[in-house]
Amino acid sequence: MRPFAIIVVAAVLVTAGGCTADRRPTARVSASPRPVAVGSAIGLPALTVSRAAHTATLLADGRVLIVGGCSLAGCDGTLAGAEFYEPAGRRFAAGPRMRQPRAGHTASPLPDGRVLVLGGYPAEGRGPLRQAEIYDPRSGTFAPAGAMASGRGAHTATRLADGRVLIAGGVDGITALSAVEMFDPATNRFHQAAPLPGPRATHGAALLRDGRVLVAGGQAGVGHGNALLDTAVVYDPAKDTWTPTAPLAVAKYKLAIAPLPDGGAMVVGGQTADDAAARLATTELFDPRTGRFTAGPVMAEPRYKISDAIVTLRDGRVVASGGFGAEVFAAGRFNPIRGTPGVERQFPAAVALADGTVLVTGGYDDRTRVTDTAFLINPG
């Protein structure tokens, strides 16, 4: 089974990872973690449980909140449990339980330090979730955060400059969605926003420097490789409007978009059909002044199912993970990272830490076998 492309996940509910909020085991602690050489990676102790299609979010105290996902072969075994990565000791520690299990969800950091978790798939035979929840680091627990108008999977959630979260497209378990919702952390409520010009799922989205949101690629139908899109649109939160741009060079889905320091964005990887040979190592660069895409640098390997695997660093460099390794985009080219574990990762989660390193966790391989491995990158 290849979940989270568009259809409902087949999952078996498990309870792994559900513990009290801040239990911190003493195992796996390194008293003096060895430094990571510039341009290289090191393996880390195992996660508390294998995960793919999960999320990883940096908290204000420097820890990383790792939430949900699937844990069993075939990406079954949806998780309700969370865990923390603690950078001081380079260890993983069990965290709190969510209100319900979910995988293929999104997690968005809010301005006050809380984390909004929404959508995704709960268990075998069930459609994507309407309910949202919020992790509050002050209480160390998840609390209900209301419900969207529709359940969503394969959607995007983009935090705007004013702290609101734009939730665009996805699927409701039957059809792709054009509906868009906005979460306002000031009121803890969802409300409808202007719909997309057409249905779209398994697409990419990124906040541009000018405060607008670029949404590109994906598919307008349900099923692997169906109704792929080469179209892109830009959302203006000041006007609550969507404006079409020039198209991508090729229709694709299961991609990611990274914002760039020049105000534009990079569309990374993806897939042009439901076939291993159709995975892409190419990138496309978006210029917001012209609304056009041009060919970007080529990565060392094709990457897809990377919705949470592409990270833009504070200095504007882009770290690409997912697949068998990782690489860094800088000065117009990608440079490989040495020492990444030779484990294939589809739907891993990557996050930049406070010290500039990048944490990459979990994922599954081409046979959908889920891993509990993780590694740390020092891009320099």
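Just so it is clear, none of the values below were taken in a lab; they were calculated from the coordinates. Bear in mind the structure is a predicted one, so any value in this text is a computation, not a measurement. All Cβ positions, glycine included, derive from the backbone under ideal geometry; neighbour counts span all protein chains shown.
The table for this structure:
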item	result
Cβ-based net charge around ARG212, under 11 Å, with every Lys or Arg adding one and every Asp or Glu removing one	0
Calculated P(r) tail over 21 Å for the range 194-262, as whole % of Cα pairs	21
Inter-centroid distance (Cα atoms) of the range 306-363 relative to the range 54-85, Å	17
Kirkwood Rh in Å, taken over all unlike Cα pairs in the range 208-320	14.3
Around GLY264: net Lys/Arg minus Asp/Glu count, Cβ-Cβ under 9 Å	0
Those trypsin sites (Lys or Arg not before Pro) in the range 215-262 that DSSP places in a loop and that have at most 14 other beta carbons within 10 Å	LYS239
Segment ASP365-ARG209, extension gain: residue separation times 0.36 nm, minus the distance between their alpha carbons	52.7 nm
Stokes-Einstein D for the range 136-240, Kirkwood Rh over Cα pairs, 4 °C, 1.567 mPa s (µm²/s)	90
Cα gyration tensor category, rounded, prolate or oblate, for the range 120-168 with a/c compared to 1.5	oblate
Stretchable slack from ASP61 to ALA88, in nm (0.36 nm times residue separation minus alpha-carbon distance)	8.6 nm
Cα gyration tensor, the range 169-208 - rounded (a/c under 1.5), prolate or oblate	prolate
For the chain, projected area of the alpha-carbon convex hull averaged over all directions, nm²	16.0
